[in-house]
Structures are given as structure tokens and as C-alpha cells.
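The values are calculated or read from the model by the stated rules, or taken from the named source; none is laboratory data. Being a predicted model, the structure only gives us computed values, none of them experimental. Neighbour counts run over all protein chains shown; Cβ positions are idealised from the backbone, glycine included.
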Amino acid sequence: MEQTQSGTNGIGQRLRELRQKKGLNQQDLASSDLSVSYVSLIETGKRAPSPAVLQSLAERVGCSVEYLKTGRDDARIHELELKIAFGDMAMRNGSNGEALQSYSEALASAPFLGEAMVRRARIGQALSFEKLGRMEAAIQLLTTLFDDPATVPGSADWAQLAVALCRCHRNAGDLMLSVEIGERAMRTLDSLGLDVTDDHMQLGATLLGSYQVRGDLMQAQILANRLISTAESTDSRVGRGVVYWNAALVANSRGRSKEALALTERALMLLAESDNVRHQAMLKAAHANFMMASEAPDLDRARTLLGEAHTVLLEVGTAAEQASAEALLAQVSVQLGDPVQATAHASRSLGLMRNDPPEAAASVRVLMARAQHLAGDMESAETTLRAVVRQLGQLPGTRGTAGVWRDAGDLWKLLGHKSEALDAYEKALGQLGIQGLPAPTPSFVTDRS
């Protein structure tokens, strides 16, 4: 009498599902002791395999005998959940490669995991791709997860994915899509009328950053005012800290250095008790940057803050964050008149830059040229600065490149090259959309006498 799947406890169905997930056919499971036709009978529930056959099949499809027999393998499930938890911890500690490996290993055995754990591992995998600078892979996976019908608008997962997509598109240089995703997500939250959470404020702060990078400073200020008003009505220290931090970036872009300093001071106090040491370090670096640019810069305090931030980011920061910290240390060293330290930090910053925008590297090379000028090596300073000019000439005009052109102009002026300085200033203004007056048309007088 033929047995049914229920009579064989679903062994055949689980075997077929695992085989197909691994891209195997029935021939791949066969051996000298196990024919293809017998494999087919097992999968259709018409034969119950012996313990020896079960062991052989489990090895071929990468599962335990217990899972094939019952659909459960508590030891294996626990092992995989620990891998996912380790991935979470590794990413918090800045070990992004280890995190990606842990998530990927867990997902390779996805049939053992519940839907919630698989989703958690996939989100972790996407965020690991982002931290490692693999933006295309991160965006592709995040988009798939965000568009999944299982992602409920307004939920914590939905907000986390919206934030990550907005941020990834911004860091990949697609500011239009970054803003579009952020605005659409904000409208969704507004329409749902949900209570404000840290995730919601993080979404607004991320959109704020995209406005700021794109140069939409008026729109950024309007959103910053709204977010600050919302944040101050909540008890969330982390949410308020993130909002003040991003509002400070907008204020600094608008030339309001005192306001930027005040906002980062408030953010530092609010985030001081959080367990995210990476964010604390990045905020200290931002505060030091604003301090250096203020009317009365406290350079010693800025250098102390940058040293603290740098130490932490060496442990838990991405290569881009470490490069930024080194660049700021080069800047404060220049301002303190220390060309040796400035050169060392600028060199390390350039060495860390992999996926950073080219304008960031150009900006650091201007710092390198400043350090060379400070050391009295005018020839090297000019050579470095001419390399910067060539690099900038190949980049599209943005607010970022305009700032580098202006810095280059200042240094050309110090070096005594007035025509090069004037050209750099004109490039900076042009990339901000400010064009000079056209040259006057010569007038010709005809002698009628």
C-alpha cells in the first residue's frame, strides 16, 4: 500500500523544498545505494526512507536528520539565531565584514529560520553592505525589502528601511531619489497619524541631511524647524539628539556658526548616555569642525574632541568616517601651525578614501598643499594645488566642489598667484549659480568728417 506525505510526516516535501532551494535535481541526491526513482518516491511520500538513507539525504541538502524527520531542529535554529545576534553585535562594534559574513551564513540556512529572523538577517545584510561601501548591493536588497508586502508602512522595520534607502541613495550621489524617498515616507507617516518615535525622527533627520547636501537650504531649514518643534515635545533623548545634530549641519551651511555650535552642544548632552559610541564620536567631530570655523575658534578644545572621536572611530567607524576624522585633524593641525602633523593626517585620510566623493579627496589635497606651504615648501604646495585644479576640472559643479574651489583660491592667493586665485574664485561662484557680468561690447566711432 502506498504511503502519503502525512504518513511519512512530510519528509518528502521538506526534502524537495531543500533540494530546490539549493538548485539540485533528483539525480544529485542519488548514489549507488539510492536510485533516482527511489528519491522521487520519497519526495512524493510513497516511501519512508531508512535511517541510513535519511542521513545521506540530509548531508546532501545541508540539513539535519531531525529537520527532515520533524521539520524542527532546535539546536540548529539556536545556532543560526546566535549567528544573527553576533552579526548585530559585530555591526554595532564596526566589524562590518564579520557582520556580513554572519548574516550571510545564517541566510544560507534560511529554511530552518522563522520569517521574522530571516527578515532581520536580510536587513542586517543590507546595512552591512552599506557600511562596507557596497552601495549598489545595499540599495538593491533594501529596495526589495521595502517593497515587500510584508513591510507594513509606519512599522519600525518600514521606518528603518526608509531611512537606509534615503541615506544610501544620498551617499551614492542620487540626491533626487534620496529626497523623493524621504519625502514620500514622511507623507506616509503624516497620513497615518502615528505617535512620533525615534525611527520617525531619524527619517526626518535623514531627509534633512539630503536637503542640506543638495543645497536646498530653505527647505532644509523649514524641515529643521518642524523637527525641532516635534522633538522638544517628546521624551526621547536619542531622537532629539539626532534632530539637533542634523539641524546644526543646516545652520552651519547657512553660515550660522554660533547656532550650529549651540545645537551640537545640545545634541552631545542628549546622546552622552546612549550606547552608540560611533554616533557620539561622529558628533564630537562635527562639533569640533564648527568650533574651528567659529569667529573665536577654541583650537585646543577642538583638537581634544577630534582626538577622542578619532580613537573611537578607529575601532568602530567606517573607512569614510575615519578618513573624515583624519581630514579634520589635518585641518586643526594647519590652524595650529603644525605642518608635520597636518601632512601625516592628510596622507592617512587620502589612504582611507575608497568610495568617498572625489570632491572630498580634492578638499584633503588642498589641506596637504596648505601643510606644505606652512612648512615653507612652496614648490610642492604649487604642484599639489595644480593637481587639485586638474581633478576639480573633471568633476560636475556642486556646492561641495564650489567650496573646494574657494579654498584653492585662498591658497593660490597666499602663494602669490593672483590670476590662478581669481580663476578659482570665479569657478566657485559659477558652481553656485552666480555668474559675472558679461564683458562690455566695444563701441566703434565712425569719423564722419
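Numbers for the structure displayed
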item: Cβ pairs under 6 Å, 6+ apart, first in segment 234-262 and polar (S, T, N, Q), second modelled with pLDDT under 85; result: 234/196; 236/198
item: Given (1) modelled with pLDDT under 95; (2) within 27 Å of the chain's Cα centre (by Cα), number of the condition residue 332 does not satisfy; result: (1)
item: Set 60, 47: member being outside any helix (DSSP H, G or I), surrounded by 15 or more Cβ atoms within 10 Å (Cβ to Cβ), modelled with pLDDT under 90 and not assigned by TED's automatic domain parsing to the domain that holds residue 121; result: 47
item: Residue check, residue 374 of a type outside the set (Asp, Glu), over 28 Å from the mean Cα position of the chain (by Cα) and surrounded by fewer than 23 Cβ atoms within 10 Å (Cβ to Cβ); result: yes
item: Considering residues of segment 66-94 that are touching a residue at least 60 places away in the same chain (Cβ under 8 Å) and farther than 17 Å from residue 117 by Cβ only, the residue surrounded by the most Cβ atoms within 10 Å (Cβ to Cβ); result: 94
item: Residues of segment 103-155 that turn out to be exposed (fewer than 15 other Cβ atoms within 10 Å of the Cβ) and within 25 Å of residue 321 (Cβ to Cβ), as a count; result: 2
item: Breaking point among (1) over 25 Å from residue 179 (Cβ atoms); (2) in contact (Cβ under 8 Å) with a residue 12 or more places away in the chain, for residue 158; result: (1)
item: Test: residue in segment 401-413 that is over 21 Å from residue 253 (Cα atoms) and in contact (Cβ under 8 Å) with a residue 40 or more places away in the chain; result: yes
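Condition check ((1) buried (at least 24 other Cβ atoms within 10 Å of the Cβ); (2) modelled with pLDDT under 90) across all residues:
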| residue | (1), (2) |
| --- | --- |
| 235 | no, yes |
| 238 | no, yes |
| 241 | yes, yes |
| 246 | yes, yes |
| 254 | no, yes |
| 259 | no, no |
| 264 | yes, no |
| 270 | no, yes |
| 273 | no, yes |
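Yes/no per residue for (1) in contact with a Leu (Cβ under 8 Å, 6 or more places away or on another chain); (2) touching a residue at least 40 places away in the same chain (Cβ under 8 Å):
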| site | (1), (2) |
| --- | --- |
| 137 | no, no |
| 143 | yes, no |
| 147 | no, no |
| 168 | yes, no |
| 184 | no, no |
| 190 | no, no |
| 196 | no, yes |
| 205 | yes, yes |
